[in-house]
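Novice: Take a look at the following structure, please.
Read the figures in this text as sums done on the coordinates, not as results from a lab. These figures come from a predicted structure and were not determined experimentally. Note that each Cβ is placed from the backbone with ideal geometry, even for glycine, and that neighbours are counted across all protein chains shown.
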Amino acid sequence: MGGRTHVEHGFGPVWDTESRVLLLGSMPSPKSREAGFYYMHPRNRFWPVLEAVFAESEKPDFTVSSSVLASATVAERTDFAVRHHLALWDVLESCDIIGASDSSIRNPVPTDLSTILTHAPIRRIFTTGGTAAALFRRYSEPALLAAGIEITMTRLPSTSPANAAMHLPELIESYHVIAEGIE
């Protein structure tokens, strides 16, 4: 494993004025930064999980490899998020990190979430993993409260391949709360 590198987020949020739920990761992985979009590592289960949650694939034998979104283009994934009133962003704008290892994050610079939260009817925030939740509580929540923005954040499990303990059906079940947050 290489040394820690300073990385900038590199691309902006996905959202529109109809977004009702904000999904926050910690920092894009090297594959995501290279592609300029969220959750682009081929083994990350984020897109297949969302596809199942929003019943865009109702196959009883649904797997990551049978997921349409797992191999979708950035435009198709953006369309999916916007169509389902999802906003995507990350808690950090920059940090020092080793590869994609959240546990190696040092010198974090938080993202200013207030723009989305004041221009879209976001009802809930969900973080995709423990590090994103901890960073949100430490940096984002106090800044939002100081700006007069109070919003509920719920920690969801990571869809990263590093979270091998959680299988696809368990992730899908955990992520169903997102659809409830939109209603």
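Novice: For the chain, with only Lys/Arg (+1) and Asp/Glu (-1) charged at the beta-carbon, what is the dipole magnitude about the Cα centre, in debye rounded to 20?
Specialist: 440
Novice: Taking K and R as +1 and D and E as -1, what net charge do the other residues with C-beta under 15 Å from the C-beta of residue 3 add up to?
Specialist: Neighbourhood net charge equals +1.
Novice: Please give me the summed charge of the neighbours of residue 152: other residues whose Cβ is under 14 Å from its Cβ, Lys and Arg +1, Asp and Glu -1.
Specialist: +2
Novice: Quick check on the chain: helices-only [θ] at 222 nm, where DSSP H runs of length 4 and up contribute -39,500 (n - 2.57) each and the sum goes over total residues. Nearest 500, please.
Specialist: -8500 deg cm²/dmol, from helical runs alone.
Novice: Taking only the alpha-carbon positions of the chain and ignoring solvent, what does the Debye formula give for the base-10 log of I(q)/I(0) at q = 0.19 Å⁻¹?
Specialist: -1.40
Novice: Does the stretch 96-183 classify as rounded, prolate or oblate by the C-alpha gyration tensor (a ≥ b ≥ c root eigenvalues; a/c under 1.5 gives rounded; else a/b over b/c gives prolate, otherwise oblate)?
Specialist: oblate
Novice: Here is a follow-up. Antiparallel as a % of all DSSP beta bridges within the stretch 25-182, to the nearest 5?
Specialist: Expressed as a percentage, antiparallel bridges in the stretch 25-182 total about 40.
Novice: Using a Förster radius of 35 Å, what is the FRET efficiency between residue 73 and residue 152 based on their Cβ-Cβ separation? Nearest 0.05, please.
Specialist: 0.60
Novice: A further question on this structure: Out of the stretch 1-97, which GluC sites (Glu not before Pro) are coil in DSSP terms and have no more than 10 other C-beta atoms within 10 Å?
Specialist: In loop regions of the stretch 1-97 (DSSP not H, G, I, E or B), the sparsely surrounded GluC sites (Glu not before Pro) are 58.
Novice: What is the local net charge at residue 128, summed over the other residues whose Cβ is closer than 12 Å to its Cβ (Lys, Arg +1; Asp, Glu -1)?
Specialist: Combined, the nearby Lys, Arg, Asp and Glu give 0.
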